[in-house]
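A short worksheet on the structure shown next.
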Protein chains: 2
Amino acid sequence: MRIGIIGTGTVGQTLADKLVSLGHEVTLGSRTKDNERALAWAEQAGPNGHSGTFADAAAFGDVVLNATGGTVSVAALRAAGAERLAGKLLIDVANPLVFSSEGELTLDPVNTDSVGERIQREFPEARVVKALNTMNAAVMVDPGKLSGEHNLFIAGNDEAAEAETIALLGEFGWPAEWIIDLGDITGARATEMMMPFWLRLYRHFGTTEFNYAFKRNA
Amino acid sequence: MRIGIIGTGTVGQTLADKLVSLGHEVTLGSRTKDNERALAWAEQAGPNGHSGTFADAAAFGDVVLNATGGTVSVAALRAAGAERLAGKLLIDVANPLVFSSEGELTLDPVNTDSVGERIQREFPEARVVKALNTMNAAVMVDPGKLSGEHNLFIAGNDEAAEAETIALLGEFGWPAEWIIDLGDITGARATEMMMPFWLRLYRHFGTTEFNYAFKRNA
């Protein structure tokens, strides 16, 4: 499959590496064509790895992944171009993290809105699915890193798009029964709002390699 | 121990029942002395169960539990009286839930503040510990309802108060190693912000009897 990734940070590169290793063809998109991180990534990724602008990546992908920071995601996707996203599965991995100079985390948007919802409103013809934003990038692409069943959450308005997302996540190693559908795209609010909790757990556990699981009736 | 409970809803009554069953003496406090729920609870609770006003409950307790709705907690605790809370462990179980007429959940406060922080600011001489607000009342008082290890989160500025909370939770059946300390009272923000996620999980699982657990490195 051809996949466009919007954003060249750790999340974008980790997803790009995994997708290339699975045999997909990837364009890693950045704001400018000469982004050094994107060029270096494509250089080492082999023939199935390319770099380009946000618009190049969106045009290239049958599926597009948003791996930008949540506070700039809408701007990045505007640069990618609504017409290049129309009709496509757009998997949104972003969290709207705002760190103060003292390292305190707040979210923007929060509570009454979310990055996932903003993207779906701004690009009504894209088929947006929120996914993967509740864990570290290394866990996203290798759920077997952790022992036993743990969970991943999706939210979106388009059930076919959710099914396509589940299939792609299956290639990453996520059994479909580990994936919990939180409903329509407003569910993005619920998962984005877990980030302050995730950050405190990271400080508590001393590692980013953990994930949520649930216990039910005995 | 003598325990005052502020709030007569399901959470307050469930905690009150458990504490009486453990041999503690409880006053269930409501806004008015003649609250029917509180009177009925005390009637069936036996000699160790009493009812009264918020002020009666706070004066009675060596430990005070806030089980009011988070949007009215500060008002309820003002009625209880700062002088009756001073120096005491005040365990805050509240979540600031606001439901729209369409059933949509938002939080107030959120993101830059929390119920736990508001209470600690308003009553600086109380020793506030946020706890238990991430699960259903039935799970709070009977962690063995769920199979295997699952987790409870606390946050507070006073380490001795946290240790007293862990000891009381131990009486409920919570092993100390299942209790995760998220740091100072600003950690209340993190757990209160999990409520939209909890509500979606409840809809997904079709039961309120579930709780969080974590998976770590394989």
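Can you give the average number of partner chain beta-carbon atoms within 10 Å of each beta-carbon in peptide A:17-30, as a whole number?
Working: counts 0, 0, 0, 0, 0, 0, 0, 0, 0, 0, 0, 0, 0, 0.
Across A:17-30, the average partner-chain Cβ count within 10 Å equals 0.
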* To do: Using the Karplus curve 6.51 cos²θ - 1.76 cosθ + 1.60 with θ = phi - 60°, work out ³J(HN,Hα) for each residue of segment B:114-126 in order, rounded to whole Hz, and write x for Gly and Pro.
  => 7, 4, x, 5, 4, 5, 5, 5, 6, 10, x, 8, 7
* Once fully extended, how much extra length lies between A:SER101 and A:ALA218, figured as 0.36 nm per residue of separation less the alpha-carbon to alpha-carbon distance? -> 37.6 nm
* Asked: Put a point 7 Å out from Cα along the line to Cβ at B:PHE99; what are the distances to that point in the other copies, in nm, shortest first?
  -> 3.9
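Please compute the contact order of chain A in relative form: average sequence separation of alpha-carbon pairs under 8 Å and at least six residues apart, divided by the residue count, as a percent. Present the calculation step by step, with values, prior to reporting the outcome.
Numbers: 460 pairs, mean separation 37.6, N = 218.
It rounds to 17 percent for chain A.
Need one value for B:105-113: mean number of C-beta atoms belonging to other chains within 10 Å of its residues' C-beta atoms. Could the numbers behind the result be given before it?
Details: counts 3, 4, 4, 1, 1, 6, 10, 5, 0.
For this peptide, the per-residue mean of nearby foreign Cβ atoms is 4.
Roughly what % antiparallel, to the nearest 5, for the DSSP beta bridges in chain A?
Of the beta bridges lying entirely in chain A, close to 20 percent run antiparallel.
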* To do: Compute the separation of the alpha-carbon centres of segment B:10-37 and segment A:97-163 and state it in Å as a whole number.
  => 40
* For chain B, what is the calculated [θ] at 222 nm in deg cm²/dmol (nearest 500), taking -39500 (n - 2.57) for each run of four or more DSSP H residues and dividing by its residue count? -> -10500 deg cm²/dmol
* Asked: Between segment B:170-218 and segment A:168-218, how many Å separate their Cα centres?
  -> 12
* What is the list of residues in segment B:179-218 whose amide nitrogen lies under 18 Å from a point 7 angstrom out from the Cα of A:ARG203, following Cα to Cβ? -> B:179-194
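Under a point-charge model restricted to the Cβ atoms of Lys and Arg (+1) and Asp and Glu (-1), what is the dipole moment magnitude of segment B:1-156 relative to its Cα centre, in debye to the nearest 20? Provide the component values of the computation, followed by the final result.
Numbers: 13 positive and 18 negative charges, 60 e Å.
I would put it at about 280 debye.
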* **Shortest-first distances to equivalent copies, position A:GLY81, nm, label 7 Å out along Cβ** => 7.2
* To do: Loop only per DSSP, at most 15 neighbouring Cβ atoms within 10 Å: give me the GluC sites (Glu not before Pro) in segment B:62-113, ordered by residue number.
  => B:GLU102, B:GLU104
* **Position A:GLU43, label points 7 Å along Cα→Cβ, spacing to each other copy in nm (shortest first, one decimal)** => 8.1
* Calculate one ³J(HN,Hα) per residue across segment A:64-71 by plugging θ = phi - 60° into the Karplus curve 6.51 cos²θ - 1.76 cosθ + 1.60, and present them in order as whole Hz with x for glycine and proline. => 10, 10, 8, 10, 8, x, x, 6
* Over the whole of A:146-154, what's the average partner chain Cβ count within 10 Å per residue? Rounded to a whole number, please. => 3
* Among the listed pairs A:LYS145/A:LYS215; A:LYS88/B:LYS215; B:LYS88/B:LYS145; A:LYS145/B:LYS145, which are separated by more than 26 Å between their Cα atoms? -> A:LYS88/B:LYS215; B:LYS88/B:LYS145; A:LYS145/B:LYS145
* Asked: What distance in nm separates the simple spin-label points at A:ALA40 and A:SER21, each placed 7 Å from Cα in the Cβ direction?
  -> 2.0
* Asked: For B:SER114, B:SER21, what's the fewest-to-most ordering of other Cβ within 10 Å of each Cβ?
  -> B:SER21, B:SER114
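Just so you know, all these numbers are worked out from the coordinates, no wet-lab data involved. The shown structure was predicted, so the numbers you read here are calculated from the model rather than taken from an experiment. Neighbour counts run over all protein chains shown; Cβ positions are idealised from the backbone, glycine included.
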